[in-house]
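First comes the structure, then the notes that go with it.
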Amino acid sequence: MLVGRPNVGKSTLFNRMTGSRRAIVAPVAGTTRDALTRPVEWGGAAFDLFDTGGLFGASEDPLHELVVQQGQRAIVGADLLVMLVDGREGLVPGDERIAKDLRQTGHPVIVAINKTDDKRAQASLTEFYELGFDPVIEISAEHGHGVAELLDEIVKRIGTRDSGFGTRQAGESRESQIPNPESREETRIAIVGRPNVGKSSLVNRLLREERVLVSEMPGTTRDAIDVPLMWHRRHFRIVDTAGMRRPGRVGGGKAGAPGGKVEFVSVALAKEAIADADVVALLIDANEGATDQDAAIGGEVDRAGRGIVIIANKWDLVKSQDQNFVKKFDDDLRFKMRFLDYAPILHISALTGERAGKVIETMDRIAVSRRTRVPTPALNKFVQEITAANPPVSSGRKHVRIMYAAQIGVAPPSFVFFTNVATTFHFSYERFLVNQLRQKFGFVGSPIRVQVRRRKK
Ligand code: GDP
């Protein structure tokens, strides 16, 4: 679906992509607003292109509210959104408002900067990265430049869907896809770990915590699959609580012995829960420390880009409680899970409740930080400062310089760095940047993704 402010060139692009000439409609209320759909075929794929036409931006129109609602309903039903902006005008507040709406749908968004054939456009193109979408493509709808690349990007994204090509089959149940705005803010929690580490005990403990309200719980916790709860007026949902009980049922008594079939099952089950969560609590048994199996589950969380807190449970059974022991325990844990160096560690007892109050608090902090967007000016000030002190290592003859950076996504926080030459940073430099980002902007408990691109002339 094509979205954008009036006059950015949506009709021109629509005609170019569909090969049709759109009728010039007389400005009679109702007619111009009717959105237009046409089939497009490209690279062996077929999809329906939907032009929102005048569905946005007509703020003096008495029908504005209605029109905007229709537009919003329409974008919710789309599989992929192409946001068209005007390269000649640069980024304007209207673009940001539309971007905000699009972001709420959770659909993938491609930004197409139009009118880039115009010399005046060249100066300000990078600022469109501030919209936070990826990819950003430069086009000229009128001359056709970049339209093939845009179509390639569209096909690449919808072509991988198993539901077919884009919107064509997805027409029926659009109403049901409208996301509930409140649910967007809900933090989905998965509690994972090997059998018998205390997952069920922790859930029950959390439900007994002060200030936690269990809402709309169907029957007892035992039967619930997802448990919604509230803490400090924030919404959480513990997902897949049924899945985390399954291995216990299968294995009967002591199912935690390493290496067995149950171990395998627990990783597979954890995988499902992880895919479904925003933040994962990885429980380990404080008596045993981290096992390979724990590390395997932790690796899944990292790969999936979820937030994570590592929880050493059964801390009440740990005999020696002196500071050295804690340090040794944590060092050992960090060593076995080096790739999770960003994850906070908690030492709790689900049985006695000791420090269990920290669990939700920490998960909330992680959830909030991973949804954080760093304003582009602040990000670039930071980039200037750290690259002045520690420039990227240059391997060739040319000096590698970071020209500009932008945050292109949240959850996990994702950044793109534009350089004059390099297309990748040395592993250690990337790590350095990530650590600096964490320290400066307080990203806690979540992986950070980094891309490097060469800035086109
Ligand atoms: P799950 O398989 O991961 O859900 O583990 P459960 O919650 O069923 O707990 C397994 C066993 O460990 C039960 O006997 C619990 O009472 C016990 N347990 C859980 N948490 C703690 C804890 O913090 N301290 C102690 N001492 N025992 C615990």
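The values are calculated or read from the model by the stated rules, or taken from the named source; none is laboratory data. What you see is a predicted model, and the numbers here were worked out from it, not measured in a lab. Cβ sites come from the backbone with ideal geometry, for glycine too, and all protein chains shown count toward neighbours. Note: areas computed on protein heavy atoms with side chains; ligands, DNA, RNA excluded. Shrake-Rupley method; radii C 1.70, N 1.55, O 1.52, S 1.80 Å.
Quick one: what pairs do we get from region 363-385, first residue more than 30 Å from Phe236 (Cα to Cα), second open to solvent by 80 Å² or more (accessible area, probe 1.4 Å), C-beta under 7 Å, 6+ apart or different chains?
Phe382/Lys440
For region 192-215, state whether one or more residues are within 16 Å of the ligand (Cβ to nearest atom), at pLDDT below 75 and in contact with a Gly (Cβ under 8 Å, 6 or more places away or on another chain).
yes
Identify, please: which residue in region 403-436 is modelled with pLDDT of 85 or more and over 23 Å from Phe128 (Cβ atoms) and is, among those, most open to solvent (accessible area, probe 1.4 Å)?
Ranking the candidates gives Arg431 first.
Every residue in region 99-151 that is among the acidic types (Asp, Glu) and assigned to a loop (DSSP other than H, G, I, E, B), please.
Asp117, Asp118, Asp134, Glu142
Just for helices (runs of 4 or more DSSP H) wholly inside region 272-381: which have at least 1 residues that are hydroxyl-bearing (Ser, Thr, Tyr)?
357-370
Being modelled with pLDDT under 50 and either aromatic (Phe, Trp, Tyr) or more than 14 Å from Ala112 (Cβ to Cβ) (or both), is that true of even one residue in region 147-160?
Yes: one or more hits.
Restricting the search to region 334-368, which residues are closer than 27 Å to Glu185 by Cα, open to solvent by 60 Å² or more (accessible area, probe 1.4 Å) and within 12 Å of the ligand (Cβ to nearest atom)?
Within region 334-368, just Arg355 meets the criteria.
Please state which one of Val393, Val416, Val434 is touching a helix residue (DSSP H, G or I) at 6+ places or on another chain (Cβ under 8 Å), closer than 18 Å to Gly305 by Cα and not assigned by TED's automatic domain parsing to the domain that holds Ala304.
Sole residue among the options that is touching a helix residue (DSSP H, G or I) at 6+ places or on another chain (Cβ under 8 Å), closer than 18 Å to Gly305 by Cα and not assigned by TED's automatic domain parsing to the domain that holds Ala304: Val416.
Among the residues of region 311-333, count how many are away from the ligand (no atom under 16 Å from the Cβ) and surrounded by 17 or more Cβ atoms within 10 Å (Cβ to Cβ).
The qualifying residues number 1.
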